[in-house]
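Below is one structure, written out as structure tokens, with a few remarks after it.
The values are calculated or read from the model by the stated rules, or taken from the named source; none is laboratory data. Treat the numbers as computed from the prediction; the structure is a model and nothing was measured. As a convention, Cβ positions derive from the backbone with ideal geometry for all residues, glycine included, and neighbour counts pool all protein chains shown. Each accessible area value is taken on the protein alone, full model and side chains, heavy atoms only, with ligands, DNA and RNA left out. Shrake-Rupley method; radii C 1.70, N 1.55, O 1.52, S 1.80 Å.
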Amino acid sequence: FLYKTLQYIYTRDEKLQPIPHRHSKINYHIPFLSRQIKDRDAQQALRILDLAQRQGYLSPEPVDKVHLCSNCSSAHHTIREACTSCGSIDLSTEDLIHHFQCAYVGPESDFYENKYTDQMTCPKCSKHVRHIGIDYDKPSQIYTCNTCNHHFQEARFTYHSIDCGEVKEVQHLHERAINQLTLPSKGAQ
């Protein structure tokens, strides 16, 4: 496989250029390599190319980075916010309001006396709050978990792998460089 790849680059005097491809497991394919290997063997081929780069037979030029599932090495996943208490993704968000006059900070719903009015009243000092930037600002948002009713400001980010169904925190994703490959003199020899 590696010898054929080196021959291809040498005889055509061109680079192996990765092309974005939605049906590839890592969202990229290299036309020559895609004809030589099946998608399920792509990880093994990438490991061989990595070894060739480390040994100086191929020279990498970064094109992109992808983040792959730690279980199945797929780039097909969704990123979601999750509750810091129970892990549920059933969350709702609400703006926090900071009333300048009395320094009260609370969820926007605290400022409405009932849901049928547009009039906002501070729950701490009972003064009407009218103009953003003059009477109040919205410094952040607060999450509420609809499963366990937990309130928090920083959500936990998880990923859900489309290929294997794995659900883990995003720090478990493996970063993979996508490189254009050229042939240095050692590879040409």
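Anything in segment 168-189 that is of a type in the set (Val, Ile, Thr) and within 22 Å of residue 60 (Cα to Cα)? List them, or say none. Spell out how you get there, then give the answer.
Quick first cut of segment 168-189, residues of a type in the set (Val, Ile, Thr) only: 170, 178, 182.
If the condition is that a residue be of a type in the set (Val, Ile, Thr) and within 22 Å of residue 60 (Cα to Cα), then 178, 182 are the ones that fit.
Among the residues of segment 1-34 satisfying the criterion of being of a type in the set (D, E, K, R) and assigned to a helix (DSSP H, G or I), which is farthest from residue 162 (Cα to Cα)? Across segment 1-34, the extreme among qualifying residues is 12. Filtering segment 168-181 to residues that are surrounded by 15 or more Cβ atoms within 10 Å (Cβ to Cβ) and either closer than 30 Å to residue 85 by Cβ or among the polar types (S, T, N, Q) (or both) leaves 168, 173, 179, 180. Please determine, by comparing only the residues of segment 95-109 that are out of contact with any Cys (no Cβ under 7 Å at 6 or more places or on another chain) and open to solvent by 70 Å² or more (accessible area, probe 1.4 Å), which one is nearest to residue 146 (Cα to Cα). Of everything passing the filter in segment 95-109, 105 is nearest to residue 146 (Cα to Cα).
Listed conditions (1) touching a Lys or Arg at 6+ places or on another chain (Cβ under 8 Å); (2) buried (at least 18 other Cβ atoms within 10 Å of the Cβ); (3) modelled with pLDDT of 85 or more are all met by residue 9, apart from (3). The lone criterion from (1) in a loop (DSSP other than H, G, I, E, B); (2) of a type outside the set (S, T, N, Q); (3) open to solvent by less than 30 Å² (accessible area, probe 1.4 Å) left unmet by residue 118 is number (3).
In the set (1) in a loop (DSSP other than H, G, I, E, B); (2) of a type outside the set (Phe, Trp, Tyr); (3) at pLDDT below 80, residue 42 fails one condition alone, (1).
Tally the residues that are under 26 Å from residue 155 (Cα atoms) and in contact with a helix residue (DSSP H, G or I) (Cβ under 7 Å, 6 or more places away or on another chain), restricting the search to segment 84-123.
3
Which of the residues spanning segment 136-189 are small (Gly, Ala, Ser) and either over 30 Å from residue 19 (Cα atoms) or part of a loop (DSSP other than H, G, I, E, B) (or both)?
Quick first cut of segment 136-189, residues small (Gly, Ala, Ser) only: 140, 155, 161, 165, 177, 185, 187-188.
Of everything in segment 136-189, those that are small (Gly, Ala, Ser) and either over 30 Å from residue 19 (Cα atoms) or part of a loop (DSSP other than H, G, I, E, B) (or both) turn out to be 140, 155, 165.
In segment 85-112, the residues that are under 30 Å from residue 168 (Cα atoms) reach residues that are aromatic (Phe, Trp, Tyr) and surrounded by fewer than 15 Cβ atoms within 10 Å (Cβ to Cβ) with C-beta atoms within less than 8 angstrom, at least six apart or across chains, in these pairs: 85/152. Could you say whether any residue in segment 73-94 is more than 30 Å from residue 145 (Cβ to Cβ), open to solvent by less than 40 Å² (accessible area, probe 1.4 Å) and at pLDDT below 80? Looking through segment 73-94, none of the residues is more than 30 Å from residue 145 (Cβ to Cβ), open to solvent by less than 40 Å² (accessible area, probe 1.4 Å) and at pLDDT below 80. Of all the numbered requirements in (1) within 21 Å of residue 84 (Cα to Cα); (2) free of Cβ contacts under 8 Å to residues at least 40 places away in the same chain, residue 128 misses one, and that requirement is (1).
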